[in-house]
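Notes for the one structure printed next.
The values are calculated or read from the model by the stated rules, or taken from the named source; none is laboratory data. In this text, all values refer to a predicted model and were calculated from it rather than measured experimentally. Glycine gets a Cβ as well: all are built from the backbone with ideal geometry, and neighbour counts include every protein chain shown.
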Amino acid sequence: MKQRVRAILITPDNTTLLMKRVRPGRTPYWVVVGGGVEETDANHEAALLREIREEIAGEAEIVRPFHQLKNPSGETEHFYLARIKTWNFADRSGPEFQRDDRGEYLLEEIPLTSEALAAVNLLPEEISVVLREVLDHGELLAPV
């Protein structure tokens with residue numbers, strides 16, 4: 001089964017970067033940056049850094065693993081906490097951006113607060129709940 005990697009990206013302003021998805025016939029929703037692990041990736045972390053480069057032309061430093069879940073397709077999704085200093089959404093290069101049938105991808109900077117995250121439809125819901133709980137307890141950057 002496919003493995004997926006995702007990054008909770010923390011900016012220098014202590015906000016987070018989320019991808020807003022606008023697809024025909026669906027209510028808009030937000031996801032964290034990431035995607036599938038490829039056979040050519042050395043490990044999950046290398047896959048995640050590749051995905052960040054492809055999706056937002058960004059360079060990030062992985063801080064630590066954050067959460068893991070099984071999605072409805074049975075795939076394991078590995079979420080990491082990462083700090084990002086530079087990104088340029090205009091220079092994204094991922095293959096999904098070349099397809100007309102995937103809807104819109106909009107990069108948004110969201111305050112890293114429980115209230116701000118509750119105001120967006122962040123999917124999967126499990127990561128939204130876990131992230132808001134950690135923020136409520138002030139433990140996002142606490143050592144594991």
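Scanning segment 2-20 for residues that are out of contact with any Gly (no Cβ under 6 Å at 6 or more places or on another chain) and at negative phi yields a total of 13. Taking segment 127-138 as the range and being under 16 Å from the mean Cα position of the chain (by Cα) and loosely packed, with under 15 Cβ neighbours inside 10 Å as the test, only Val129 passes.
Pro24 fulfils the conditions (1) surrounded by 13 or more Cβ atoms within 10 Å (Cβ to Cβ); (2) modelled with pLDDT under 95 except for a single criterion, (1).
(1) assigned to a loop (DSSP other than H, G, I, E, B); (2) at pLDDT 95 or above; (3) surrounded by fewer than 13 Cβ atoms within 10 Å (Cβ to Cβ): which one isn't true of Gly74, the others all being true? So Gly74 meets the others, but not (2). Residues considered: Arg83, Arg132. Of these, the only one that is at pLDDT 95 or above and not in a strand (DSSP E or B) is Arg132. Criterion applied to Leu106, Leu123 was being surrounded by fewer than 17 Cβ atoms within 10 Å (Cβ to Cβ), out of contact with any helix residue (DSSP H, G or I) (no Cβ under 6 Å at 6 or more places or on another chain), closer than 20 Å to Arg26 by Cα and at pLDDT below 95, and the one residue passing it is Leu106. Based on this model, can you work out whether Gly34 counts as in a strand (DSSP E or B) and at positive phi? Taking the combined requirement at face value, the residue satisfies it. Residues in segment 1-40 that are in contact with a strand residue (DSSP E or B) (Cβ under 7 Å, 6 or more places away or on another chain), farther than 19 Å from Glu115 by Cβ and basic (Lys, Arg): Lys2, Arg4, Arg6, Arg21.
Looking across segment 4-42, just one residue is over 11 Å from the mean Cα position of the chain (by Cα), of a type in the set (A, V, I, L, M) and under 26 Å from Leu140 (Cα atoms), and that is Val37.
Cβ-Cβ contacts under 7 Å between residues 6 or more apart (or on different chains), taken from a first residue in segment 1-29 that is part of a loop (DSSP other than H, G, I, E, B) to a second residue that is among the aliphatic types (A, V, I, L, M), are listed as Thr11/Leu17; Thr11/Ile84; Asn14/Leu112; Pro28/Val22.
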